[in-house]
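The values are calculated or read from the model by the stated rules, or taken from the named source; none is laboratory data. What you are looking at is a predicted structure, and each value in this text was computed from that prediction instead of being measured. When we count neighbours, we look across all protein chains shown, and the Cβ atoms used for this are built from the backbone with ideal geometry, even at glycine. Areas reflect the complete protein model, heavy atoms only, side chains present, ligands, DNA and RNA absent. Shrake-Rupley method; radii C 1.70, N 1.55, O 1.52, S 1.80 Å.
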Amino acid sequence: MALSKLESLYMAVVADHSKSPHHQGSIDGADRVELHNPTCGDVISLSVKLDEAGERIADIAFMNEGCTISTASASMMTDLVLGKTKEEAFELANIFSEMIQGKSQEGQKELGDAAFLSGVAKFPQRIKCATLAWNALKKSLEK
């Protein structure tokens, strides 16, 4: 069975973010949140540094031990929310959550590369992998 062009693009984007994740590392002096996915063992440590006003994400980085989807999702998320206000980042996390659970495709255009993960909704066991970084972001922004 041949892959469609869209499926091939999906695989290429996810593989690229997984093999060469963006914003991987940690940030000295930043708030750090660590989350675990007990289902598969994925772990993420997310560092978020806000600007002096405490309103905008000035820097973000993650360290993880996880599957391809978990790593790619974290890389995509950090690209997307860097420079956004806390409110904008939280809204993007909510849009991603709705999309990945198959509840809504609304706002998907705003997700950039992360929209390629919409197919994960067909695999419920992988939803926690895809949402781990986004849940860490929400927890960090709620502090």
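Pairs exceeding a 26 Å alpha-carbon distance, out of Lys84/Lys122; Lys5/Lys139; Lys5/Lys122; Lys86/Lys122; Lys103/Lys138; Lys5/Lys84: Lys84/Lys122; Lys5/Lys139; Lys86/Lys122; Lys5/Lys84.
For Thr68 and Lys138, the difference between the fully extended length at 0.36 nm per residue and the C-alpha to C-alpha distance is 23.1 nm. Share of carbon and sulfur in the accessible area of the chain stands at 51%, probe radius 1.4 Å. With a Förster radius of 25 Å applied to the beta-carbon distance between Asp16 and Gln125, the computed FRET efficiency rounds to 0.60. Among Ser73, Ser104, Ser118, the residue with the largest mean-square fluctuation in a Gaussian network model of the chain, with springs joining Cα atoms closer than 10 Å, is Ser104.
Sort region 57-100 into rounded, prolate or oblate with this rule: let a ≥ b ≥ c be the square roots of the eigenvalues of the Cα gyration tensor; rounded if a/c is under 1.5, and if a/c is not under 1.5, prolate when a/b is larger than b/c, oblate otherwise. Taking the square roots of the gyration eigenvalues as a ≥ b ≥ c, region 57-100 is oblate. Counting only Cβ charges, +1 for Lys and Arg and -1 for Asp and Glu, the dipole size of region 19-75 around its Cα centre is about 240 debye. Looking at the chain, the accessible area is 54 square angstrom per residue; that uses a 1.4 Å probe and ignores ligands, DNA and RNA. P(r) for the chain, from all Cα pairs and a bin width of 10 Å, is 13, 45, 34, 7, 1, 0 %, short bins first. Put a dot 7 Å past the Cα of Ala58, heading toward its Cβ, do the same for Asp28, and the two dots end up 1.5 nm apart. In terms of its alpha-carbon gyration tensor, region 89-143 comes out oblate; a/c meets the 1.5 threshold, while b/c is at least as large as a/b. The DSSP beta bridges internal to the chain are antiparallel in roughly 95% of cases.
GNM remark for the chain: springs join alpha carbons under 10 Å apart, and the peak mean-square fluctuation among Gly83, Gly112, Gly66 falls on Gly112.
For the pair Glu106 and Ser8, the difference between a 0.36 nm per residue extended length and the Cα-Cα distance amounts to 32.9 nm.
When Arg126, Arg32 are compared by accessible surface with a 1.4 Å probe, the order from highest to lowest is Arg32, Arg126. Between Lys49 and Glu91, the FRET efficiency from the beta-carbon distance, with R0 = 22 Å, is close to 0.65.
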